[in-house]
Amino acid sequence: MQKLGDFKLPHFFNYPPYFTLQPVRETREKQVQLWKDLILDYCRTQKLFIIGLEEEFPLFSNPVIERTLSHEAREAFFSALVSEGRAEWLDKGHRKCLILWHRIQDWAGIILNFVKDNGFEDSVMTVEEIRSGIESRGTELHGIDRTILMRALKILEQKGKLAIFKGTSADDEGVKFSV
Amino acid sequence: MRRRPGIGGLQTAAAARDQYRLLGENVAKLRTDLMKEQLATFRSQLEEFARKHKTGVQIVEICLSTRPLNGGLIDLQELCKLLRQKRKHDREAVSEDDCLRAISKLKTLGSGFEVISAGKKKLVRSVPTELKKDHNEILELAQAQGYVTVDEVERRLSWTHGRAIDALDTLLDEGLAMIDDGHSDGKRRYWFPCVSSISSFGADS
């Protein structure tokens, strides 16, 4: 099985026609499903949050079979992810896509677990500490995209689980938990 | 003079009723016993059927699960390989002949299962799509590299462009073929998953 670093690529990745957007509806639906799953899987294991459709991304080509996804195909797959709520376009031109391999609500749940696991129920910490502090190491929160983190935190704020406040500089936003 | 039942008559009647009741009970018991026996026989026959046709059931499962990938046509060897993987823990090994026998039994169920020959390969069809001779010839041609181009079909089979396109479009619509526009030579290729090994697609040569 072909690998991309540690990641095991699925068999369809080695079959040339999967790199061409299929015209027949049923065949295309299957193709889109396979690619959606692959993108989410890969982003989750590699902890990638933003994909640029016009940039080099390992899944866009397979040099072994000498095939590359057309822009149309890329847009089709990512649009499907967006329709399903597993991704969001970051620009009107659909050039950058935010990948939600965890939905925002799920991230909110992960943050709550993180708080409980570390006894932070009444603590104060910076947003940066949540995503890169010592306690975050080894958890999914480590290295989380800041935009996603802020949105998850806002959901929790609306639920009264915490309060977000500005710090001394733009980078110094903090959180007071009341879990 | 009206005869009225006397003690004797009553006793006779009671005895008769008892006897009828016993008879009734016996008949009921007989029927229950018979039914139990029939059910037991039926059940063991059903179990034997399931055991004998376990292979057939597994074949159906494999064909159904691979249908989205190959349009309902699968290489017999590929099918046997997947069957062996499914039955890893089964002591009974399964040969191609076992497969063919199971499929012919499935065929009698009218489920649309059929084994067709295309060139050197045997393909198992699990959808009611009728393959015309033209389609069969393309499948045969596709076995060499897993795909064909329109040029190739025209040239090798001596067909007109229209005939080639018609046949390929039908195979495409049926989900038996997939298009590939990614080759550097710019020629569209029609790939046929059913003549490739689904579990290990090879590279284009």
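The values are calculated or read from the model by the stated rules, or taken from the named source; none is laboratory data. On a predicted model such as this, the values are computed, not experimentally measured, just so you know. A quick note on method: Cβ atoms are made from the backbone with ideal geometry, for glycine too, and the neighbour counts reach across all protein chains shown.
Across region B:172-188, which residue is surrounded by the fewest Cβ atoms within 10 Å (Cβ to Cβ) among those that are within 7 Å of chain A (Cβ to nearest Cβ) and in contact with a helix residue (DSSP H, G or I) (Cβ under 7 Å, 6 or more places away or on another chain)?
B:Ile179
Can you confirm whether A:Val82 is among the hydrophobic types (A, V, I, L, M, F, W, C), out of contact with any Gly (no Cβ under 7 Å at 6 or more places or on another chain) and either on the phi > 0 side of the Ramachandran plot or within 14 Å of chain B (Cβ to nearest Cβ) (or both)?
Values: among the hydrophobic types (A, V, I, L, M, F, W, C): yes; out of contact with any Gly (no Cβ under 7 Å at 6 or more places or on another chain): yes; either on the phi > 0 side of the Ramachandran plot or within 14 Å of chain B (Cβ to nearest Cβ) (or both): no.
Here the answer is no, as A:Val82 does not meet what is asked.
How about region B:50-79: which of its residues are of a type in the set (Asp, Glu) and either within 14 Å of chain A (Cβ to nearest Cβ) or surrounded by fewer than 22 Cβ atoms within 10 Å (Cβ to Cβ) (or both)? Write out each step before concluding.
Step one: filter region B:50-79 for residues of a type in the set (Asp, Glu), giving B:61, B:75, B:78.
Those that are of a type in the set (Asp, Glu) and either within 14 Å of chain A (Cβ to nearest Cβ) or surrounded by fewer than 22 Cβ atoms within 10 Å (Cβ to Cβ) (or both): B:Glu61, B:Glu78.
What is the one condition in (1) within 21 Å of B:Asp180 (Cα to Cα); (2) touching a residue at least 40 places away in the same chain (Cβ under 8 Å); (3) not polar (S, T, N, Q) that A:Cys43 does not satisfy?
Answer for A:Cys43: the failing condition is (1).
Could you check, for region B:132-149, whether at least one of its residues is more than 10 Å from every other protein chain (Cβ to nearest Cβ), surrounded by fewer than 16 Cβ atoms within 10 Å (Cβ to Cβ) and within 26 Å of the chain's Cα centre (by Cα)?
First pass over region B:132-149, keeping only residues more than 10 Å from every other protein chain (Cβ to nearest Cβ): B:132-145, B:148-149.
Within this subset, residues satisfying the condition of being surrounded by fewer than 16 Cβ atoms within 10 Å (Cβ to Cβ) are B:132-133, B:144.
From what's left, within 26 Å of the chain's Cα centre (by Cα): B:132-133.
Yes, the conditions are met somewhere in region B:132-149.
Residues that are modelled with pLDDT under 85, out of contact with any Phe, Trp or Tyr (no Cβ under 6 Å at 6 or more places or on another chain) and more than 26 Å from B:Ala164 (Cβ to Cβ): find the helices (runs of 4 or more DSSP H) completely inside region B:65-147 holding 2 or more of those.
Numbers: elements: B:76-86, B:96-108, B:133-142.
The qualifying helices (runs of 4 or more DSSP H) are B:96-108.
From (1) surrounded by fewer than 17 Cβ atoms within 10 Å (Cβ to Cβ); (2) within 23 Å of B:Arg125 (Cα to Cα); (3) among the acidic types (Asp, Glu), pick out the condition that doesn't hold for B:Glu47.
(2)
How many residues, within region B:149-175, are outside any helix (DSSP H, G or I) and at pLDDT 95 or above? Give the steps one after another, and end with the answer.
Going through region B:149-175, the residues outside any helix (DSSP H, G or I) turn out to be B:149, B:158-160, B:174-175.
After this cut, where a residue has to be at pLDDT 95 or above as well, the list is B:149, B:158-160.
So the count comes out to 4.
Can you tell me which of A:Leu156, A:Leu100, A:Leu112, A:Leu90 is crowded, with 17+ Cβ neighbours inside 10 Å and within 16 Å of the chain's Cα centre (by Cα)?
A:Leu100
Restricting attention to region A:5-60, report how many residues are among the acidic types (Asp, Glu), under 22 Å from A:His102 (Cα atoms) and more than 14 Å from chain B (Cβ to nearest Cβ). Talk me through it step by step, then tell me what you get.
Within region A:5-60, the first condition is being among the acidic types (Asp, Glu), and the residues that meet it are A:6, A:26, A:29, A:37, A:41, A:54-56.
Retained after the next criterion (residues that are under 22 Å from A:His102 (Cα atoms)): A:6, A:37, A:41.
If we keep only those that are more than 14 Å from chain B (Cβ to nearest Cβ) as well, we get A:6, A:41.
Number satisfying all stated conditions: 2.
Kindly evaluate A:Ile148 against the criterion of being under 18 Å from A:Lys47 (Cα atoms) and either surrounded by 14 or more Cβ atoms within 10 Å (Cβ to Cβ) or in contact (Cβ under 8 Å) with a residue 24 or more places away in the chain (or both). Even if it seems obvious, please write down each step before you answer.
Details: under 18 Å from A:Lys47 (Cα atoms): yes; either surrounded by 14 or more Cβ atoms within 10 Å (Cβ to Cβ) or in contact (Cβ under 8 Å) with a residue 24 or more places away in the chain (or both): yes.
When the stated conditions are applied, A:Ile148 passes them.
With respect to B:Ser197, is the statement that it is closer than 22 Å to B:Lys81 by Cα, surrounded by fewer than 18 Cβ atoms within 10 Å (Cβ to Cβ) and within 13 Å of chain A (Cβ to nearest Cβ) true? First the steps, then the outcome.
Numbers: closer than 22 Å to B:Lys81 by Cα: yes; surrounded by fewer than 18 Cβ atoms within 10 Å (Cβ to Cβ): yes; within 13 Å of chain A (Cβ to nearest Cβ): yes.
Spelling it out, B:Ser197 is indeed closer than 22 Å to B:Lys81 by Cα, surrounded by fewer than 18 Cβ atoms within 10 Å (Cβ to Cβ) and within 13 Å of chain A (Cβ to nearest Cβ).
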